[in-house]
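The structure under discussion appears below in the form of structure tokens.
The values are calculated or read from the model by the stated rules, or taken from the named source; none is laboratory data. Source: prediction; values computed, not measured. All Cβ positions, even for glycine, are placed from backbone atoms using ideal geometry, and neighbour counts span all protein chains on display.
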Amino acid sequence: MKYTVQALDGRYSHNKYFKYCIEYPNRMNFNQGPEHFTNAQQWFFKTYGWSAEVRQWNEILRYYHLAANIPNWRHGLGPGVPSLPDTVNFIWSWQTSDGNYTKSRIYVRGDPELAFFQLAHPND
């Protein structure tokens, strides 16, 4: 499997929650990026459970954060708002190209999760 690991710093909007992203090119003719991304995504689903796409993940998190902190919010939610749904998985998330990005990404929480993935999927 061919991929690039990128440490997330202040240039990356999701660096508050994830330490790394694993990047795959979006073309099959360049190291089979879409196929390898899909295989890695399946491994994360099986290993760590479901996670929403990172833009949806962030929107869900933002909604629940606002609902929990603003009494009588527009939907009647307040401090008693239920806990976050399982779709906000703090271990990992993912993102495919939307035209602005040239790579698909899997966001990973930290060193142990990245090391476990790399053991299961050595980089070619």
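Got a number for residues in segment 1-20 being under 21 Å from Val88 (Cα atoms) and in contact with a His (Cβ under 8 Å, 6 or more places away or on another chain)?
Residues that pass the stated criteria total 1.
From the set of residues in segment 1-12 that are touching a helix residue (DSSP H, G or I) at 6+ places or on another chain (Cβ under 8 Å) and outside any strand (DSSP E or B), which is surrounded by the fewest Cβ atoms within 10 Å (Cβ to Cβ)? Write out each step before concluding.
Step one: of segment 1-12, the residues touching a helix residue (DSSP H, G or I) at 6+ places or on another chain (Cβ under 8 Å) are 1-3, 5.
Filter again for outside any strand (DSSP E or B), leaving 1-3.
On the way: Met1: 19, Lys2: 13, Tyr3: 24.
Within segment 1-12, the match that is surrounded by the fewest Cβ atoms within 10 Å (Cβ to Cβ) is Lys2.
Restricting segment 18-53 to residues that are crowded, with 18+ Cβ neighbours inside 10 Å and hydroxyl-bearing (Ser, Thr, Tyr), which is modelled with the highest pLDDT?
Tyr20
Would you check if there is a residue in segment 2-22 being in contact with an Asp or Glu (Cβ under 7 Å, 6 or more places away or on another chain), of a type in the set (D, E, K, R) and farther than 23 Å from Thr87 by Cα?
Yes, that holds for at least one residue.
Can we say Ala7 is among the small types (Gly, Ala, Ser) and modelled with pLDDT of 95 or more?
On the way: among the small types (Gly, Ala, Ser): yes; modelled with pLDDT of 95 or more: yes.
Answer is yes for this residue.
Say we look at segment 20-43 and pick out the residues that are touching a Lys or Arg at 6+ places or on another chain (Cβ under 9 Å) and assigned to a loop (DSSP other than H, G, I, E, B); which of these is farthest from Arg109 (Cα to Cα)?
To start, the set of residues in segment 20-43 that are touching a Lys or Arg at 6+ places or on another chain (Cβ under 9 Å) comprises 20-26, 30-34, 36-37.
In the following step, the residues that additionally are assigned to a loop (DSSP other than H, G, I, E, B) were identified as 26, 30-32.
Details: Asn26: 23, Phe30: 27, Asn31: 25, Gln32: 25 Å.
Within segment 20-43, the match that is farthest from Arg109 (Cα to Cα) is Phe30.
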